[in-house]
Amino acid sequence: GSVDAPWSQLSRNQYERGCLFRNICFTGSGDWNYYASPGEFLEAETLRAGVDVLSRGGFGRDLPPRDRIFRVIHGVLPEAAGWLTTPTLVHVSLFAPSNIGHFLGNGLFPAFHAVWRLLGATVATQPSMQLLFGGPNQTDLGYMRRQRQRCVREAEAAASGAGSAPRQRACMDERTPHLVSKFIAELLPALSDAPALWESSVAEMAARESSGVVCARRVLVGVGGLSFATVFEHGAAAGAAGGSAASVRRRPPLPLWSDFIEHLSRRLLRDKTELDPPSVILITKRGRRAPTARAFGRLGALLAQLLPLPVRVLDPSALSMREQLRAVGQAPLGITPDGGTSLLGAFLPAGASLIVLGSLERWLWANDRRVGAFY
């Protein structure tokens with residue numbers, strides 16, 4: 001069944017559909033087998049789930065959906081099949097998982113959101129789900145290093161005129177597998193006691209089984225539409241109403257975002273220690289859209305003159321996730337550049353204020369009932 005949106009909306013936009021399948025088995029070759037009930041899909045060899053498995057939500061660009069395709073098997077489940085021990089497997093195709101904002105908003109949050117909508121709050125807030133990340137293992141240092149080397153070679157060949165056109169995106173940062181590993185190790189336990197799985201690792205597990213398959217009792221796919229980046233396109237409707245022919249982009253409400261943040265805080269900060277004196281948190285970042293190190297220093301000095309509380313400059317790269325959340329969770333005021341790093345501001349205590357240096361994520365903070373955001 002669908003977790004959201006009427007069929008008329010789904011016909012225009014697949015991002016708001018998540019589907020739950022039972023008794024799905026994975027093969028060593030990477031196929032997903034759907035064991036049909038008697039009389040079901042009699043003429044079909046494959047089945048399209050009718051979902052978009054990508055958790056990138058479009059970002060306003062025209063990105064085609066990627067469906068999940070199952071092989072239809074007319075027969076009983078193999079008696080000797082291996083079974084995953086967790087009752088619910090949630091498939092998530094991560095987008096830019098080395099960015100903390102995307103890992104939370106396009107990875108963990110849509111999984112939490114979809115399980116809550118389909119199976120209820122009790123299941124969503126118990127660590128009984130297991131996440132299956134799409135594609136190869138992005139924490140595999142060897143694989144990621146080879147991918148980067150290949151990307152660099154292709155870019156160099158294209159620049160010299162010896163290859164195809166340059167790629168639209170830059171090659172991945174060398175820190176990517178380290179950051180993905182950090183987020184999985186330190187944030188995933190908020191949702192699951194089970195280790196993360198990757199499509200490549202599930203195929204390897206199946207290949208080791210005597211039956212050649214490993215099965216899951218419940219598999220949830222298509223949760224990408226419940227991530228924070230989903231964009232609805234209403235161009236035709238706008239034109240029919242006599243308005244501008246340009247499409248109207250709207251983002252869906254996120255009623256469970258604050259529940260998600262509170263749940264993560266409870267799970268990750270269970271062993272509360274003595275509270276630090278209150279301070280203003282200035283979150284720093286590097287890379288795109290980031291102020292210079294000198295600018296952060298000047299801003300910190302200015303804040304120290306203006307505010308009655310001490311100012312703490314928080315460098316996320318130097319701290320564990322628990323240390324970051326603990327520091328932010330005690331601050332009455334946070335200041336952050338926009339972009340993925342700003343999502344640390346969601347862990348400010350209820351009633352706190354966040355000043356965002358930029359203009360991104362306004363729609364996210366508009367759905368946050370805990371923190372008041374200013375720009």
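What's the number of the condition Arg288 fails, among (1) under 21 Å from the mean Cα position of the chain (by Cα); (2) modelled with pLDDT under 85; (3) not in a loop (DSSP other than H, G, I, E, B); (4) not aliphatic (A, V, I, L, M)?
(3)
Show the residue pairs meeting these rules: Cβ distance below 8 Å; 6+ apart or different chains; first residue within region 316-330 and without any contact (Cβ under 8 Å) to a residue 12 or more places away in the chain and under 11 Å from Lys182 (Cβ atoms); second residue open to solvent by less than 60 Å² (accessible area, probe 1.4 Å) and part of a helix (DSSP H, G or I).
Leu319/Ala327
List, please: which pairs have Cβ atoms under 9 Å, are six or more places apart or on different chains, and start with a residue in region 361-375 that is closer than 16 Å to Val328 by Cα and end with one that is of a type in the set (Asp, Glu) and open to solvent by 30 Å² or more (accessible area, probe 1.4 Å)?
Taking only residues 6 or more apart or on different chains, the pairs are Arg370/Glu262.
What is the number of the single condition among (1) crowded, with 17+ Cβ neighbours inside 10 Å; (2) more than 26 Å from the chain's Cα centre (by Cα); (3) polar (S, T, N, Q) that Thr341 does not meet?
Of everything listed in (1) crowded, with 17+ Cβ neighbours inside 10 Å; (2) more than 26 Å from the chain's Cα centre (by Cα); (3) polar (S, T, N, Q), Thr341 misses just condition (2).
Return yes when Gly135 is assigned to a loop (DSSP other than H, G, I, E, B) and modelled with pLDDT under 90 and no when it is not. If you could, list the steps in order and put the result at the bottom.
On the way: assigned to a loop (DSSP other than H, G, I, E, B): yes; modelled with pLDDT under 90: yes.
When the stated conditions are applied, Gly135 passes them.
Consider Tyr375 against the criteria (1) of a type in the set (Phe, Trp, Tyr); (2) open to solvent by 50 Å² or more (accessible area, probe 1.4 Å); (3) under 24 Å from Leu264 (Cβ atoms): it satisfies all of them except one. Which criterion is unmet?
(3)
Among (1) surrounded by fewer than 16 Cβ atoms within 10 Å (Cβ to Cβ); (2) of a type outside the set (Val, Ile, Thr); (3) in a helix (DSSP H, G or I), there is one condition Pro278 misses while meeting the rest; what is its number?
(3)
I'd like to know if region 176-186 contains one or more residues that are modelled with pLDDT of 80 or more and of a type in the set (Gly, Ala, Ser). Break it down into steps so the answer makes sense when it comes.
Start the filter on region 176-186 by keeping residues that are modelled with pLDDT of 80 or more, which leaves 176-186.
Of the ones still in play, those that are also of a type in the set (Gly, Ala, Ser) are 181, 185.
Taking every residue of region 176-186 in turn, at least one turns out to be modelled with pLDDT of 80 or more and of a type in the set (Gly, Ala, Ser).
Where residues in region 285-315 are in contact (Cβ under 8 Å) with a residue 40 or more places away in the chain and not basic (Lys, Arg), which of them is nearest to Ser98 (Cα to Cα)?
Ala290
Quick check on region 45-66: of everything there that is open to solvent by 30 Å² or more (accessible area, probe 1.4 Å) and at pLDDT 85 or above, which residue is nearest to the chain's Cα centre (by Cα)?
Thr46
Return the total of residues in region 82-102 being of a type in the set (S, T, N, Q), within 20 Å of the chain's Cα centre (by Cα) and part of a loop (DSSP other than H, G, I, E, B).
2
Given the options Phe95, Phe109, name the one that is in contact with a helix residue (DSSP H, G or I) (Cβ under 7 Å, 6 or more places away or on another chain), at pLDDT 85 or above and of a type in the set (Phe, Trp, Tyr).
Exactly one of Phe95, Phe109 is in contact with a helix residue (DSSP H, G or I) (Cβ under 7 Å, 6 or more places away or on another chain), at pLDDT 85 or above and of a type in the set (Phe, Trp, Tyr), namely Phe109.
Has region 74-89 got at least one residue that is crowded, with 17+ Cβ neighbours inside 10 Å and either on the phi > 0 side of the Ramachandran plot or among the aromatic types (Phe, Trp, Tyr) (or both)?
No.
Only one residue in Leu254, Leu354, Leu303, Leu325 is open to solvent by less than 10 Å² (accessible area, probe 1.4 Å), assigned to a helix (DSSP H, G or I) and either touching a helix residue (DSSP H, G or I) at 6+ places or on another chain (Cβ under 6 Å) or not small (Gly, Ala, Ser) (or both), so which one is that?
Leu325
The values are calculated or read from the model by the stated rules, or taken from the named source; none is laboratory data. Not measured: the values here are computed from a predicted model. Neighbour counts are summed over all protein chains in view; Cβ atoms, including those assigned to glycine, are modelled from backbone coordinates with ideal geometry. When the accessible area is computed, the model is the full protein with side chains, heavy atoms only, and any ligands, DNA or RNA have been set aside. Shrake-Rupley method; radii C 1.70, N 1.55, O 1.52, S 1.80 Å.
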